[in-house]
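The values are calculated or read from the model by the stated rules, or taken from the named source; none is laboratory data. Predicted model only: the values in this text are computed from it and were never measured. All Cβ positions, even for glycine, are placed from backbone atoms using ideal geometry, and neighbour counts span all protein chains on display.
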Amino acid sequence: MNRDSNVYTVLYAAVLVVIIAAVLAVASGALKTPQERNREIEKKMNILTSVGKAANVDNEDDKNAYVENEYAKYIVEAFLVNANGIKTDGDAFNVDLKAELKKPEKERLLPVFVCNNNGNRQYIFPVRGAGLWGAIWGYISLNDDFNTVYGAVFDHAGETPGLGAEIAGAEFQKQFSGKKIYRNGKFVAVDVIKNGSATPDDYNVDGITGGTLTSKAVGKMLLDCLSNYKKFFDVQKQNN
């Protein structure tokens, strides 16, 4: 075949495209499992962080194995709850929270994780919302009074570095420990106020300086997501 002809050029390009597509497909398949594994480990790490565990991960040679062992050691139960606050069968770890929150309230099945912390139990709840530039999410843990926050961890898709992105920092997150989500029997979650605008109390924390909109988004996320668990809180309090 004449290599200078248009037919040769078209055939050569077509074959090259097919070869590249095949290589990319193989590479994508090979990377899929490690990527899924990394997401699983990150999720387990976040759940553990919300209850103050796996703090030594950076000192470990095999970080994945360390997180797996800590998760198996401390997270003793995981289940779904329906709109009536009743435990329901299902895969709590792999539930798509974003998809569940889009459903009508009566159809939602939301995950709960339980930590056995030296004989004390904390209940861990995932939260998800919209920040200034993209999604924000995290986990918040409560003591078994279903009122007192034990810990919290947050992350984001694209908040501004040095400003709203600071919601992922330890200084912001540690403020939530000891806060209350009920005031005089009324559910209020934890409000995130403008930094320095008021004296922090049992029901609020200081927001990020320069990141007011992201800070408010965290407060709204907590109010919206934890309100889905109010009936579960009620059921558990009645059983205690």
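Scanning region 121-133 for residues that are over 16 Å from LEU223 (Cβ atoms) and touching a Phe, Trp or Tyr at 6+ places or on another chain (Cβ under 6 Å) turns up GLN122, ILE124.
Can you spot a residue in region 15-35 that is modelled with pLDDT under 95, part of a helix (DSSP H, G or I) and under 18 Å from the mean Cα position of the chain (by Cα)? Yes, there is a match, as at least one residue in region 15-35 is modelled with pLDDT under 95, part of a helix (DSSP H, G or I) and under 18 Å from the mean Cα position of the chain (by Cα).
Looking at ASN116, ASN84, just one residue is in a strand (DSSP E or B), over 26 Å from VAL192 (Cβ atoms), of a type outside the set (A, V, I, L, M, F, W, C) and in contact with a helix residue (DSSP H, G or I) (Cβ under 7 Å, 6 or more places away or on another chain), and that residue is ASN116.
Considered as a group, the residues in region 122-147 that are assigned to a strand (DSSP E or B) and out of contact with any strand residue (DSSP E or B) (no Cβ under 6 Å at 6 or more places or on another chain) include one that is nearest to ILE75 (Cα to Cα), and that residue is ALA135.
Could you please find all residues in region 152-194 being in contact with a Ser or Thr (Cβ under 9 Å, 6 or more places away or on another chain), farther than 22 Å from LYS98 by Cα, assigned to a strand (DSSP E or B) and of a type outside the set (Phe, Trp, Tyr)? Those that are in contact with a Ser or Thr (Cβ under 9 Å, 6 or more places away or on another chain), farther than 22 Å from LYS98 by Cα, assigned to a strand (DSSP E or B) and of a type outside the set (Phe, Trp, Tyr): LYS180, VAL192, ILE193. State whether the residues of region 76-83 include one that is among the acidic types (Asp, Glu) and at pLDDT 95 or above. Yes, region 76-83 has at least one match.
When each of ILE136, ILE140, ILE47 is tested for being surrounded by 13 or more Cβ atoms within 10 Å (Cβ to Cβ), under 30 Å from LYS216 (Cβ atoms) and touching a His at 6+ places or on another chain (Cβ under 7 Å), the lone residue that passes is ILE136. The set of residues in region 90-129 being closer than 21 Å to SER227 by Cα, loosely packed, with under 13 Cβ neighbours inside 10 Å and of a type outside the set (Lys, Arg) consists of ASP96, ALA99, PRO104, GLU105, GLU107.
Of all residues assigned to region 63-72, at least one qualifies as being among the acidic types (Asp, Glu), buried (at least 20 other Cβ atoms within 10 Å of the Cβ) and more than 30 Å from TYR203 (Cβ to Cβ).
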